[in-house]
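Engineer: Sharing a structure, written as structure tokens. Questions coming.
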Amino acid sequence: MTTITINSVFSGSSPYNVWVCDTCFGTCQYIDTISTTPYSFTLPTSFETYTTYVLKLVDDNGCVYCETNSLYKQFENGDIFEFMDGDLYEFQ
């Protein structure tokens, strides 16, 4: 089970629709509509096997915000680990 936390939203107008996707405009699963942060949710089981995924927010004006550069799953199975500061490390 992987927990995702949105600590802040830097732009746009609330409320925000939260989605988890394989790519920004690929296959997505709706999570919730939020107005405040921090907000935490459990990653849907269908995304548990993905090495990476995208967190997509759609604001009240319909603007889409995607973040792909720091959303690696946080795990230590010998492939990729994301430190709390966002730095990626590949185990050798």
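Engineer: I want to confirm something. Restricting to the stretch 56-86 and keeping residues that are part of a loop (DSSP other than H, G, I, E, B), modelled with pLDDT of 50 or more and among the acidic types (Asp, Glu), which single residue is surrounded by the fewest Cβ atoms within 10 Å (Cβ to Cβ)?
Structural biologist: ASP60
Engineer: A follow-up question, please. Please work out which residue is nearest to MET1 (Cα to Cα), limiting yourself to the stretch 12-55 and to residues that are modelled with pLDDT under 90 and of a type in the set (D, E, K, R).
Structural biologist: So the residue we want is GLU48.
Engineer: Any residue at all in the stretch 8-15 that's part of a strand (DSSP E or B) and either under 15 Å from VAL58 (Cβ atoms) or of a type in the set (Gly, Ala, Ser) (or both)? Give the steps one after another, and end with the answer.
Structural biologist: Filtering the stretch 8-15 for residues part of a strand (DSSP E or B) gives none.
Looking for residues that are part of a strand (DSSP E or B) and either under 15 Å from VAL58 (Cβ atoms) or of a type in the set (Gly, Ala, Ser) (or both), one finds none in the stretch 8-15, hence no.
The values are calculated or read from the model by the stated rules, or taken from the named source; none is laboratory data. From a predicted model like this one, the values you see are computed outputs, not experimental measurements. For neighbour counting, all protein chains shown are included, and Cβ atoms are generated from backbone atoms with ideal geometry for every residue, glycine included.
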